Amino acid sequence: MSETFKAERDTIAGLALLAANHVRFDPPLSSGAGVSHVRGFNVHCLVIDNTDGEVLALEQNHIHAEGNPLQHAEQVGVRAALDRLRKKRPRPTDMPVEKYYKQLLFMAPGTGADDFLNFGCTLYNTFDPCGMCATTLLVCYMKRIAFLFDDQKFATVYDDMRQYFKNRDSVKEPLSTVAPAGGVATPLQDAATLIQSFRDRVHALETAGTPLVFTLDSQFDELAKATRLLMQIRPEHLTTTDGERDRNLRTLEDVRRLCNLQ
């Protein structure tokens, strides 16, 4: 498995998270409204089937819309992806149910670098998951978790909880990006530059006192750049080949469709 494949897919997924935050933007309400947003925080997640690149779910935080504090983006996304996976990979008649959800849905055996990209599923999230969602991702046997923005409050929770949830061949890490352009940039390389600028901006806002979950509330115009770039990426901009390219093209097409951009 090439690092090119990982960086390319992560960049597409990271750009999709930013674009989803734009096309589904929930503007912050005035301080007198008694609630910060109509639907919930501007936090999104997407779940990708590592085996073929299908986007199984692209969901957002719905805690206010549903009056349910459990409806974080990851919770909504995991359930939507699970519904899709059970149809896509139904349990064989001779497979015990416990083995089914441990090895055939979000998870698959293997701890090599290639295993985290070839098998099971990856959940991409706007922020490093909170304590509740980190635990959920262990409970559901998610193979890989990749996030756009650090959250130091919860940085160690996932690995700390491994002592209670053993035998998970899984990993949590920041999503990677393609290398910057040496000359004229492609939209994918521009996306990597945009992701880094967002990381710098979010860090600066948080350092200045803005709660992390509110850091995208003032970024609507910048988020629009992600939407435009997502629409501009073409097959010829991908540098992967063969099956890796096919998977990344499927991911690209799926996220554009789910954002109503095609």
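The values are calculated or read from the model by the stated rules, or taken from the named source; none is laboratory data. Note that the structure is predicted; figures quoted are calculated from it, not measured. Ideal geometry is used to build each Cβ from the backbone, glycine not excepted, and the neighbour counts take in all protein chains shown. Ligands, DNA and RNA are excluded from the accessible area calculation, which covers all protein heavy atoms including side chains. Shrake-Rupley method; radii C 1.70, N 1.55, O 1.52, S 1.80 Å.
Can you return the lysines within cross-link range of residue 143? Criterion is Cα-Cα under 28 Å, with same-chain partners fewer than 8 residues away left out.
Result set, ordered by chain and number: 6, 87, 88, 99, 102, 153, 166, 172.
Sorted by accessible area with a 1.4 angstrom probe, largest first, how do 156, 11 fall? Display every interim value, and only then the final one.
Values: 156 85, 11 0 Å².
Descending accessible area places them as 156, 11.
Relative contact order of segment 1-72, please, whole-number percent, based on alpha carbon pairs below 8 angstrom and at least 6 residues apart. All intermediate terms of the calculation are to be shown ahead of the outcome.
On the way: 79 pairs, mean separation 15.3, N = 72.
With pairs under 8 Å counted, the relative contact order is 21 percent.
Show me the ranking of peptides 47-53, 17-23 by mean Cβ neighbours inside 10 Å, starting with the highest.
Per-residue Cβ counts within 10 Å, averaged per peptide and sorted highest first, yield 17-23, 47-53.
For segment 43-55, just list the computed ³J(HN,Hα) in residue order, Karplus coefficients 6.51, -1.76 and 1.60, θ = phi - 60°, integers in Hz, with x standing in for Gly and Pro.
Those phi angles translate into 10, 10, 9, 9, 10, 10, 6, 5, 6, 9, x, 5, 7 Hz.
Using the Cβ atoms and a cut-off under 13 Å, what net charge is assigned to the surroundings of residue 52, where Lys and Arg are +1 and Asp and Glu are -1?
Net local charge, residue 52 excluded: +1.
Ignoring ligands, DNA and RNA, what percent of the accessible area of segment 1-98 is carbon or sulfur (1.4 Å)? Intermediate values should be presented prior to the final figure.
Values: 2160 of 4010 Å².
Here carbon and sulfur together make up 54 percent of the probe-accessible area.
When the Kirkwood hydrodynamic radius is evaluated over all pairs of different C-alpha atoms of the chain, what value in angstrom, to one decimal, is obtained? Before the final figure, lay out each step's value.
Numbers: mean 1/r = 0.0534 Å⁻¹.
Across the chain, the inverse of the average 1/r is 18.7 Å.
Using a 1.4 angstrom probe, figure out how much accessible area the chain has per residue, in square angstrom, rounded to the nearest whole.
Values: 11630 Å² over 262 residues.
Result: 44 Å² per residue.
Antiparallel DSSP bridges in the chain: what percent, to the nearest 5?
55 percent
Name the long-range amide H neighbours of residue 57: under 5 Å, sequence gap of 5 or more, or other chain; modelled H, no Pro or chain starts.
For residue 57, the qualifying residues are 47.
Multiplying the sequence separation of residue 173 and residue 100 by 0.36 nm and subtracting their Cα-Cα distance, what value in nm do you get?
That pair, residue 173 and residue 100, stretches by 23.7 nm at full extension.
Would you mind checking which residues have amide H under 5 Å from residue 149's amide H? H placed 1.01 Å from N; only 5 or more apart, or other chain.
Amide H to amide H, under 5 Å and 5 or more residues apart or across chains, residue 149 pairs with 127, 128.
Please give the net charge around residue 207, taking every other residue with its beta carbon less than 13 angstrom from that of residue 207, where Lys and Arg add +1 and Asp and Glu add -1.
Summing Lys and Arg as +1 and Asp and Glu as -1 gives -1.
Counting only DSSP beta bridges with both residues in segment 120-262, tell me the antiparallel percent, nearest 5.
0 percent
On the full set of protein chains, 1.4 Å probe, figure out the accessible area of residue 141 and give it in Å² to the nearest 10.
Here the residue's solvent-accessible area equals roughly 20 Å².
Please tell me the relative contact order of segment 124-197 in percent, rounded to the nearest whole number, where contacts are Cα pairs under 8 Å and at least six residues apart.
It comes to 31 percent, rounded to a whole number.
So what is the relative contact order of segment 184-242, in percent, for Cα pairs below 8 Å that sit 6 or more residues apart?
Worked out over segment 184-242, it gives 56 percent.
Put 257, 144 in order of accessible area, largest first, 1.4 Å probe: what do you get?
257, 144
Among 124, 101, what's the order by accessible area (1.4 angstrom probe), most exposed first? Working shown, then result.
Numbers: 124 0, 101 90 Å².
Accessible-area ranking of 124, 101, largest first: 101, 124.
Could you grab the Rg to Rh ratio for segment 1-131? Cα atoms only, Kirkwood for Rh.
Dividing the radius of gyration by the Kirkwood radius yields 1.04.
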